[in-house]
Protein chains: 4
Amino acid sequence: MTIHTFVPTTYYTTFGSHAPALRIADGDTVVTTTLDARGYDARLEQVTPPGNPQTGPFYVEGAEPGDAIAIVLEHLAPNRDTGWTSTQVAPNVVVPECVPLLPEREIVTWHLEARAPSPNGGGLGRGKAWLVEPMAGLEGLVLPLAPMLGCLGVAPSGGQAISTATSGPYGGNMDYRGYVAGVTAYFPVFVPGALIHLGDGHAVQGDGEIVGTGIETSFDVRFTVHVLKGKDLWWPRGEDADCIWAVGNARPLDQALQIATTELLRWLGADYGMDLKVASTLLGQVIAYDVGNVYDPAYTMVARVAKSVLPTR
Amino acid sequence: MTIHTFVPTTYYTTFGSHAPALRIADGDTVVTTTLDARGYDARLEQVTPPGNPQTGPFYVEGAEPGDAIAIVLEHLAPNRDTGWTSTQVAPNVVVPECVPLLPEREIVTWHLEARAPSPNGGGLGRGKAWLVEPMAGLEGLVLPLAPMLGCLGVAPSGGQAISTATSGPYGGNMDYRGYVAGVTAYFPVFVPGALIHLGDGHAVQGDGEIVGTGIETSFDVRFTVHVLKGKDLWWPRGEDADCIWAVGNARPLDQALQIATTELLRWLGADYGMDLKVASTLLGQVIAYDVGNVYDPAYTMVARVAKSVLPTR
Amino acid sequence: MTIHTFVPTTYYTTFGSHAPALRIADGDTVVTTTLDARGYDARLEQVTPPGNPQTGPFYVEGAEPGDAIAIVLEHLAPNRDTGWTSTQVAPNVVVPECVPLLPEREIVTWHLEARAPSPNGGGLGRGKAWLVEPMAGLEGLVLPLAPMLGCLGVAPSGGQAISTATSGPYGGNMDYRGYVAGVTAYFPVFVPGALIHLGDGHAVQGDGEIVGTGIETSFDVRFTVHVLKGKDLWWPRGEDADCIWAVGNARPLDQALQIATTELLRWLGADYGMDLKVASTLLGQVIAYDVGNVYDPAYTMVARVAKSVLPTR
Amino acid sequence: MTIHTFVPTTYYTTFGSHAPALRIADGDTVVTTTLDARGYDARLEQVTPPGNPQTGPFYVEGAEPGDAIAIVLEHLAPNRDTGWTSTQVAPNVVVPECVPLLPEREIVTWHLEARAPSPNGGGLGRGKAWLVEPMAGLEGLVLPLAPMLGCLGVAPSGGQAISTATSGPYGGNMDYRGYVAGVTAYFPVFVPGALIHLGDGHAVQGDGEIVGTGIETSFDVRFTVHVLKGKDLWWPRGEDADCIWAVGNARPLDQALQIATTELLRWLGADYGMDLKVASTLLGQVIAYDVGNVYDPAYTMVARVAKSVLPTR
């Protein structure tokens, strides 16, 4: 149950079987940092090229293909007082006829006010964000911070190395607003050690990351890992105090939804003893879908169910 | 500002330019009933064939093509104490390999307990639902009622008559959980009088209507209409106390999302004075997507934004 | 076996259960005309509003829901010497980033040279098309005529009336290059009399109708009908001397392909005695797909197999 | 202009920046072999694990990111007298309701008769294929050989290594029937040397590779490479004596079609001097689409145009 304070020096723009940055044991905690999507750190210095550079990979002793890895996100917070967003809704999220009307893609800066101490102690807590130079029409806009990881996952199967611009069964750039502190994220393990990657922190983000950015900034992160031997996941899963959920990453969204629904049904079968008739009857009236990234080559859909309607597992 | 109590005698299974069932004026209120999806009424008698039979159409005096119609949903509640659902997640919402594992499609009955008087007065209020014959694994399941209209809309353009099994710019079978009491639903007007249809009440429903049903039952309904002259809608919109939203109906979901996003951008432009750069910058960090029907030929996606981040319109 | 010479006076822009324009018997032949997509006739006079106005519907005595109708296309030829096309590839067939680069949509006129008598006798035969005012870069372009019907089908089910801008199980605006003279087109029958509609002739067309038009012109048409009692079609089918094929109309194209493949498998099972293993083994190595319309709300995909690899039916 | 006879000893199941197997010069020719999809060679011995193992990569001197590489496929022929196919149409190419009816996936063996000398000299020429143990219903089936490469491409960008089960801008497992001898295949170059991979030979294949296999076998291959300095390709292209074509790899097929159409428009602009209005006017009436793989995570669509309607480039 060691707590590792890890200062990253190398960053990767693929999820892959890179040389481990740190080896940790089942149950260990890591305190580390992530860069923003363009490779800038807490001091606003660019330390690596852009493209969602990832911290890690972290090799978890004992994690083998066929297992799952649990990553308990304990603390996520911006570690600087600015972030940036784009000003252009992506061409792929409007109807084709609207595309010529879209504005040029510019970058604007947000102030991140986070001086209140975090309720968890350490780092910056939940605070507020506002545009440094408010554009006409958004003068009074102040948004509550909701720090989340845009990228989280493990090395993919078969020796693959896949761009941090997309996602798959291994996780990746899912941009799901649900990856906040307090969540446990689960992933299938495809390679020995799982090889956890994380990065692309967003201080705030709307569903879909439809401008291609959240409020992009560098993060302080603390997480703890657990190896779940023989736990048969096909796709990412997660849970918080209220809900369990499963993730599909694919295009079109219909397929991502099919994957997420199927993985949630698998979970209800394996851990809650529900056959497909029982699970269908229940989910039909209670399932909720959340839209993750709809900007990247693969889109993300999350199928979620409240723990309050589930038996104890 | 007449209040019409309307007892339907004819029902339609298409959204179309049928003979008006009732002519009402701008500002009038209608108190009426809807059948369940198989044509059963409050007494559990089948009064018309199945297939989402619609009450109406209601001809609104003064509504012309190029206008919009606002339908204020004031009261929606089951008017009997049972409803029914299917036990099979639809083949199109799971991965193809999972389809052979799905259970047979059966129908199960839910008890609707709604004895508390409605806060709005009249009819049945928010209550609870449970399975009449609980299947193993769902013995203690009790769900809060959240009555909503599965079908709502107007006659489509060009003399079309389109099955109540699908949806389009005119609304239709959208199965969006947001069509609850307290909401104002907006539709483009395609034909003189708009010709409002409504039906397919669900006492409870999960996102997507993934088993092909909510808890299907007959409803008491009260709504008030307003003609919005020259209001240029392309697709359905809605609002409640907290949010405004726009709807896209299409396949794949990607296209429904494009439509919904575009229509919300149009709204922010027309009524909130936001150009596409301002609206992009805002929505990128605050938009929320809700999944409506993913069972029918056309899927439904809703793009939503909180009023708290918008200027007053 | 009557040959009806039918001069249309009313045209419809929906496929629906309109009053029959002509009642014909099983085996009868119809000689008639169609207008171009904007309602212009052989004399270049506009006789009805635009939007793919259809000739018909033709009521076929004895055709009942559950039967199929065969339409033998015996003669299709332009009946005037000009047609027109658009100059803009549709925004939905290029990547979103390309849409702002597209040209304005203009209409250009083609000369149709068809003076050679048709090999079938009567009307205009296969000839050539060229731009009346060649644009720079297309000066020498001469295309062989390949006259086809953009719209063909029957009245849809359930009292629906569906715009001639789209397609479905009943056929409609499929814009498949395969609907040429010599082909037998099959459709499921949804209403008594089948109610055949036809129109939207193209003197030439590329796959997909990606500019939203073929070379649009008015046609002389001759076809013969046969009622196939109890023939269980779910979607349109067709055949010519060399191939049999099945049609799917849906979005995305993936779904249209699923429908077409399934309908072709059904055909191989019903008429060629092939179970799904045999049909899979064969089609895997010989199936061909053709792309129909990718411009309209529903896209069209055709699954085709050569008769040379099939047993006699 | 060296002719290299290359005997592969290492195979990769990703398209990636692997150590070059051979360095060749611009203009050089390679004579080599490929394994079948399960790693079996000409002697029917398994020499590497399954999963479309690739021969190569071949490092082409002088090829740099921003260039294109031309691969002239001069000879492709099975180098053994058997191949194998699956007997199950893939669940993703039929409608969901049909999936439970599909047969078990079995493997059947085909005899490849290719004793006639190739017209190009050397290796096996065009011949015939038939089932070694004909199933009832396919007793007399004899198919002409049409040898093609299922996999062809270069190393992807950004240090990625992507499974040979899918495809992208770099090519990959496209399963396009057009990759036959006589074709010149073009790819963008993403890494120094381009790093050409090839494999997954099919003696015969239907459109779409809908059973997940062509007639899978090992191949003799001869190809010649040319570096096209500064040739700005975004996606694969190809040409033969009659046509030029561009390839899109994505899901859904709609997106693959958008990519292919856009890349073909780019080609007509760059090499044929056609602006988008001219190219639109032409392609609208002459474009043809071919369906490549619809079995893998990414689908393949090809947009093709005959050279006979193009100016000389």
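The values are calculated or read from the model by the stated rules, or taken from the named source; none is laboratory data. Because the structure is a prediction, the values reported are computed rather than measured. Using ideal geometry, Cβ is built from the backbone for each residue, glycine included, and neighbour counts are taken over all protein chains shown.
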Any residue at all in region D:23-32 that is free of Cβ contacts under 8 Å to residues at least 60 places away in the same chain, part of a loop (DSSP other than H, G, I, E, B) and either closer than 26 Å to A:Gly158 by Cα or in the same structural domain as D:Trp267 (by TED's automatic domain parsing) (or both)?
no
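Please pick out the residue among C:Ala77, C:Ala90, C:Ala37 that is surrounded by 17 or more Cβ atoms within 10 Å (Cβ to Cβ), in contact with an Asp or Glu (Cβ under 6 Å, 6 or more places away or on another chain) and within 30 Å of D:Gly248 (Cβ to Cβ).
Only one candidate qualifies: C:Ala37.
How many residues does region A:146-167 contain that are part of a loop (DSSP other than H, G, I, E, B) and at negative phi?
Total satisfying the criteria: 10.
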Which numbered condition B:Thr281 fails, given (1) in contact with a Ser or Thr (Cβ under 8 Å, 6 or more places away or on another chain); (2) touching a residue at least 12 places away in the same chain (Cβ under 8 Å); (3) within 26 Å of A:Gly178 (Cβ to Cβ):
(2)
How do the strands (runs of 3 or more DSSP E) wholly within region C:193-246 filter down when requiring 3 or more residues that are surrounded by fewer than 22 Cβ atoms within 10 Å (Cβ to Cβ), away from chain D (no Cβ under 14 Å) and touching a residue at least 24 places away in the same chain (Cβ under 8 Å): which remain?
C:219-228
Checking A:Arg266 against (1) farther than 30 Å from A:Val204 by Cβ; (2) within 7 Å of another protein chain (Cβ to nearest Cβ), which test does it fail?
(2)
All but one of (1) more than 30 Å from B:Ala90 (Cα to Cα); (2) outside any strand (DSSP E or B); (3) modelled with pLDDT of 95 or more; (4) not aromatic (Phe, Trp, Tyr) hold for D:Ala129; which doesn't?
(2)
Is at least one residue of region B:64-72 in the same structural domain as B:Gly201 (by TED's automatic domain parsing), under 30 Å from A:Ile259 (Cα atoms) and not in a strand (DSSP E or B)?
no
Search result, residues across region B:33-42 that are touching a Ser or Thr at 6+ places or on another chain (Cβ under 8 Å) and either among the small types (Gly, Ala, Ser) or part of a loop (DSSP other than H, G, I, E, B) (or both):
B:Leu35, B:Asp36, B:Ala37, B:Gly39, B:Asp41, B:Ala42
Specify the residue that is nearest to the other protein chains (Cβ to nearest Cβ); the eligible residues are those in region B:269-313 that are in contact with an Asp or Glu (Cβ under 7 Å, 6 or more places away or on another chain) and under 21 Å from A:Glu106 (Cα atoms).
B:Ile287
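Can you go through D:Ala114, D:Ala63, D:Ala19, D:Ala70 and tell me which one is surrounded by fewer than 19 Cβ atoms within 10 Å (Cβ to Cβ) and out of contact with any helix residue (DSSP H, G or I) (no Cβ under 7 Å at 6 or more places or on another chain)?
Numbers: D:Ala114 fails: surrounded by fewer than 19 Cβ atoms within 10 Å (Cβ to Cβ); D:Ala63 fails: surrounded by fewer than 19 Cβ atoms within 10 Å (Cβ to Cβ); D:Ala70 fails: surrounded by fewer than 19 Cβ atoms within 10 Å (Cβ to Cβ).
Going through D:Ala114, D:Ala63, D:Ala19, D:Ala70 in turn, the sole match is D:Ala19.
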Counted residues, region B:247-261 - those being part of a helix (DSSP H, G or I) and either without any contact (Cβ under 8 Å) to a residue 24 or more places away in the chain or more than 9 Å from chain A (Cβ to nearest Cβ) (or both):
4
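Of all residues in region C:168-178, which are in a loop (DSSP other than H, G, I, E, B) and either closer than 19 Å to C:Lys231 by Cβ or within 11 Å of another protein chain (Cβ to nearest Cβ) (or both)?
Result: C:Pro169, C:Tyr170, C:Arg177.
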Selection status of C:Asp275, among the acidic types (Asp, Glu) and either surrounded by fewer than 24 Cβ atoms within 10 Å (Cβ to Cβ) or in the same structural domain as C:Gln205 (by TED's automatic domain parsing) (or both)
yes
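How many of the residues making up region A:50-60 are part of a loop (DSSP other than H, G, I, E, B) and surrounded by 24 or more Cβ atoms within 10 Å (Cβ to Cβ)? Before you say what the answer is, go through the steps one by one.
Step one: of region A:50-60, the residues part of a loop (DSSP other than H, G, I, E, B) are A:50-53.
Right, trim to surrounded by 24 or more Cβ atoms within 10 Å (Cβ to Cβ) and you get A:52-53.
The qualifying residues number 2.
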Name the residues in region D:75-92 that are at the interface with chain B (Cβ under 9 Å from one of its Cβ atoms) and either aromatic (Phe, Trp, Tyr) or touching a residue at least 40 places away in the same chain (Cβ under 8 Å) (or both), would you?
D:Ala90, D:Asn92
In this structure, does D:Met135 turn out to be closer than 26 Å to D:Val95 by Cβ and either more than 8 Å from every other protein chain (Cβ to nearest Cβ) or in contact with a helix residue (DSSP H, G or I) (Cβ under 9 Å, 6 or more places away or on another chain) (or both)?
yes
Here are A:Ala185, A:Ala155, A:Ala165, A:Ala181: which of them is more than 12 Å from chain B (Cβ to nearest Cβ), closer than 19 Å to D:Ala165 by Cβ and of a type in the set (A, V, I, L, M)?
A:Ala155
Could you look through region D:93-111, keep only residues that are at the interface with another protein chain (Cβ under 8 Å from one of its Cβ atoms), of a type outside the set (A, V, I, L, M) and surrounded by 19 or more Cβ atoms within 10 Å (Cβ to Cβ), and pick out the one that is farthest from B:Cys98 (Cα to Cα)?
D:Cys98
